[in-house]
Amino acid sequence: QVQVVESGGGLVQPGGSLRLSCAASTSIFRGNTMGWYRQAPGKERELVASIRDDRTTNYADIVKGRFTISRDDAKNTVYLQMNSLKPEDTAVYLCYFQRWGLMNWGQGTQVTVSS
């Protein structure tokens with residue numbers, strides 16, 4: 001089983017930025033997709049962004065133009081750069097590693113956008 005560990009969450013003011021990191025316990029060089037979901041209290045988990053091993057990316061409409069997902073295969077790490085944050089971006093952000101149809105999840109990191 002692949003372990004993934006998120007970091008980088010915290011409290012930020014509206015309009016601010018945060019960068020989340022997700023480190024995998026295995027090589028992410030090929031054959032996988034990694035990404036981020038988020039879950040706010042009382043809401044369903046929703047996909048935020050994903051990136052394939054060929055660097056193809058996918059974003060939720062509500063974050064397009066504000067969030068950027070990237071990966072550093074040498075570090076087995078995926079990043080989520082979040083700019084122009086809004087209070088509605090407040091949620092637990094969960095990283096996943098998907099390979100061979102299996103999803104491996106991290107424990108999540110809290111992002112709170114508030115003044």
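The values are calculated or read from the model by the stated rules, or taken from the named source; none is laboratory data. The structure presented is a predicted model; accordingly, all values stated were derived computationally and were not measured. We place every Cβ from the backbone using ideal geometry, glycine too, and count neighbours over all the protein chains shown. Please note that ligands, DNA and RNA were not included when accessible areas were found on the heavy atoms of the full protein model with its side chains. Shrake-Rupley method; radii C 1.70, N 1.55, O 1.52, S 1.80 Å.
Assorted remarks:
- Restricting segment 39-115 to GluC sites (Glu not before Pro) that sit in a DSSP loop and have at most 13 other Cβ atoms within 10 Å of their own Cβ leaves GLU44.
- Considering only SER21, SER84, SER50, the Gaussian network model of the chain with Cα springs below 10 Å gives its largest mean-square fluctuation to SER84.
- Modelled spin labels at GLN3 and GLN110, positioned 7 Å past Cα toward Cβ, are 2.3 nm from each other.
- For segment 56-103, the set of trypsin sites (Lys or Arg not before Pro) satisfying both a DSSP loop assignment and a count of at most 14 other C-beta atoms within 10 Å is given as LYS64.
- Whichever lysines have a C-alpha closer than 16 Å to that of LYS43, once near sequence neighbours (fewer than 8 apart) are set aside: none
- Average projection, convex hull of the Cα set of segment 42-111: 5.5 square nanometres.
- Its Cα centre serving as origin, segment 1-61 has a Cβ charge dipole (Lys and Arg +1, Asp and Glu -1) of approximately 80 debye.
- Relative contact order for segment 32-79, counting Cα pairs under 8 Å that sit 6 or more residues apart, in percent: 28 percent
- Solvent-accessible surface (1.4 angstrom probe) belonging to ASP53, in square angstrom, nearest 10: 50 Å²
- With contacts taken as Cα pairs under 8 Å at a separation of at least 6 residues, the chain carries a relative contact order of 37 percent.
- Computed label-point distance, nm, for sites LYS75 and THR56 using a 7 Å Cα→Cβ extension: 2.6 nm
- Relative contact order for segment 1-67, counting Cα pairs under 8 Å that sit 6 or more residues apart, in percent: 21 percent
- Here the Karplus relation 6.51 cos²θ - 1.76 cosθ + 1.60, evaluated at θ = phi - 60°, turns the backbone of segment 34-47 into coupling constants of 10, x, 10, 10, 9, 9, 9, x, x, 10, 6, 5, 10, 6 Hz, with x for every Gly and Pro.
- Placing +1 on the Cβ of every Lys and Arg and -1 on the Cβ of every Asp and Glu, with nothing else charged, gives the chain a dipole about its Cα centre of roughly 120 debye.
- FRET E, pair ASN83, SER25, Förster distance 35 Å, beta-carbon r, rounded to 0.05: 0.75
- Taking chymotrypsin sites (Phe, Trp or Tyr not before Pro) across segment 1-109, the ones in a DSSP loop with at most 16 further Cβ atoms lying within 10 angstrom of their Cβ are PHE29, TRP100.
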